[in-house]
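Take a look at the structure below.
The values are calculated or read from the model by the stated rules, or taken from the named source; none is laboratory data. Note that the structure is predicted; figures quoted are calculated from it, not measured. Please note: Cβ atoms are built from the backbone with ideal geometry, for glycine as well, and neighbour counts cover all protein chains shown.
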Amino acid sequence: MIDKLNQNQIEELLSKQLIGRIGCHAEGITYVVPISYAYHQDFIYAHTYEGMKMEVMRKNPEVCFEVDDTQDTSNWKSVIAWGTFEELHDPAERDEALQVLNNRILPLNSSVTTHLGSGWPFTYNEKGGVDGIFFRIRLQNKTGRFESNQVTPAFSF
C-alpha cells in the first residue's frame, strides 16, 4: 500500500533522520547533495565548508530538501520539503545552530562529517567558535509518502 504521510508523521521523519538531500538550482545547473543535518521548529540546520552547494544556494536561495527511511523496497517513508536557504553570520544565530546540531542524537559509530571539530560532541576551538559555515533552510511546504507491505487485520480479537 502506498499512501500519504500525515503532518505528525512528516515531522517525526524529519526529526529522526540525520542525513538528507538538498536540491538546488542556479544558472542552469541543478545540484543534489547529501548533508548531515538537524531539524528544529521548521528549520533544517547544517554545517559545511565552501563548495558548489554554497555557491548555488547563494545565487538562488529557493531549495528543496528530501529525507527518507528505507527498510526495504516495499517498506519506506519519504518527505520532500521546499524552503529558503539562510546563511548564518550573526554569532547568536551560529550559536543556536551549533546548539541544535549538538542536541541531535547520533549513533555511536558516526562519520566525521557529523562532527564539527576534532572533539566530539562538537566543541568550540580556541578561537571561540566553530570553523566553517552554518546555515539553515526555512521550510515552507512539506509533503510525505510511504509504502508498506504490512498486513493490517480486518478485525481484532
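In summary, ALA97 fulfils each of the numbered conditions (1) crowded, with 18+ Cβ neighbours inside 10 Å; (2) farther than 13 Å from PHE43 by Cα; (3) at pLDDT below 95 with the single exception of condition (2). Here the stretch 41-60 is the region considered, the condition is being in a helix (DSSP H, G or I) and in contact (Cβ under 8 Å) with a residue 60 or more places away in the chain, and the residue that is farthest from LEU101 (Cα to Cα) is MET57.
Considering (1) at pLDDT 95 or above; (2) touching a strand residue (DSSP E or B) at 6+ places or on another chain (Cβ under 9 Å); (3) under 27 Å from ASN149 (Cβ atoms), the lone condition that LEU88 does not fulfil carries the number (3). A count restricted to the stretch 1-29 and to residues that are in contact with a Gly (Cβ under 7 Å, 6 or more places away or on another chain) and surrounded by fewer than 16 Cβ atoms within 10 Å (Cβ to Cβ) stands at 2.
Consider the stretch 61-75 and keep the residues that are touching a residue at least 60 places away in the same chain (Cβ under 8 Å) and either under 14 Å from the mean Cα position of the chain (by Cα) or part of a strand (DSSP E or B) (or both). The one that is farthest from ARG136 (Cα to Cα) is ASN75.
One line per residue, one yes/no per condition, for (1) outside any strand (DSSP E or B); (2) at pLDDT 95 or above; (3) under 11 Å from PHE65 (Cβ atoms):
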| site | (1), (2), (3) |
| --- | --- |
| ASN8 | yes, yes, no |
| LEU14 | yes, yes, yes |
| HIS25 | no, yes, no |
| ILE35 | no, yes, yes |
| TYR39 | no, yes, yes |
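PHE122: touching a helix residue (DSSP H, G or I) at 6+ places or on another chain (Cβ under 7 Å), over 19 Å from ASN6 (Cα atoms) and either modelled with pLDDT under 95 or surrounded by 11 or more Cβ atoms within 10 Å (Cβ to Cβ) (or both), yes or no? Yes.
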